[in-house]
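Report on the structure given below.
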Amino acid sequence: MSTACPCGLGDPYEHCCGPFHEGRRKPPTAEALMRSRYSAFAVGDEDYLLATWHPTTRPVSLGLDPEQRWNRLEVLGRTGGTLFQTTGTVEFRAHCRVRGARDVLHENSRFVREDGVWLYVSPV
C-alpha cells in the first residue's frame, strides 16, 4: 500500500516527491521544489534539503529536530517560477507539531533556476 506524499497533492510519495528525493527527477517549477522540500522536512531528508539550497545561503548542516512532525502544507500564492522562468517565489504555511504543541511556519520563499535546476535561496 502506498503512503500519500506529505506535500499535499494527494499522490503516493513514491510517484510524487520520492523521485526528487532519490535524484531520479528534478522539480520542474519553483512550487514543485518548495513542495518537495516540505516533504523532505516531513521525512527527515536533510541531504535533499541541503542539495536544493542555493550555495550562497546554504547552512553547513540543519540538525533536524526528531520531535518535529510536519503534518500539513498550504500553498498561499506564487509569482514566476514556471518552466520558462529563472526566478520565483512561493508563499506557504507549513503546519507542524513540536513536542505536542502546534506550530506554523509562514514564509514567502525565493527560488532561482540555475543550469536548469531550481534552488531555494531564502525568505523574501
*Failed criterion for Ser36 (all others in (1) in a loop (DSSP other than H, G, I, E, B); (2) under 16 Å from Trp118 (Cα atoms); (3) in contact with a helix residue (DSSP H, G or I) (Cβ under 7 Å, 6 or more places away or on another chain) hold)*: (1)
*Pull up the stretch 72-111, narrow it to residues that are in contact with a Pro (Cβ under 8 Å, 6 or more places away or on another chain) and assigned to a strand (DSSP E or B), then point me to the one that is nearest to Pro6 (Cα to Cα).*
Leu73
*Take the stretch 12-59 and flag every residue that is touching a Pro at 6+ places or on another chain (Cβ under 6 Å) and open to solvent by 50 Å² or more (accessible area, probe 1.4 Å).*
Arg25
*Is the stretch 53-73 home to any residue that is closer than 14 Å to Glu31 by Cβ and among the hydrophobic types (A, V, I, L, M, F, W, C)?*
yes
*asked:* Could you check the stretch 92-112 and list, in sequence order, the residues that are under 22 Å from Ala51 (Cα atoms) and open to solvent by less than 60 Å² (accessible area, probe 1.4 Å)?
replied: Phe92, Ala94, Glu107, Asn108, Ser109, Phe111, Val112
*Using beta carbons and a limit of 9 Å, which pairs, at least six apart or on different chains, have the first residue in the stretch 112-124 and farther than 13 Å from Met34 by Cα and outside any strand (DSSP E or B) and the second one of a type in the set (Ser, Thr, Tyr) and open to solvent by less than 20 Å² (accessible area, probe 1.4 Å)?*
Val124/Ser109
*Picking from Gly80, Gly88, which residue would you name as being farther than 16 Å from Arg37 by Cβ, of a type outside the set (Val, Ile, Thr) and surrounded by 15 or more Cβ atoms within 10 Å (Cβ to Cβ)?*
Gly80
*Kindly indicate which of Glu67, Glu31, Glu46 is of a type outside the set (Lys, Arg) and more than 14 Å from the chain's Cα centre (by Cα).*
Glu67
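The values are calculated or read from the model by the stated rules, or taken from the named source; none is laboratory data. This is a predicted model, so every value here is computed, not measured. Neighbour counts are summed over all protein chains in view; Cβ atoms, including those assigned to glycine, are modelled from backbone coordinates with ideal geometry. Areas reflect the complete protein model, heavy atoms only, side chains present, ligands, DNA and RNA absent. Shrake-Rupley method; radii C 1.70, N 1.55, O 1.52, S 1.80 Å.
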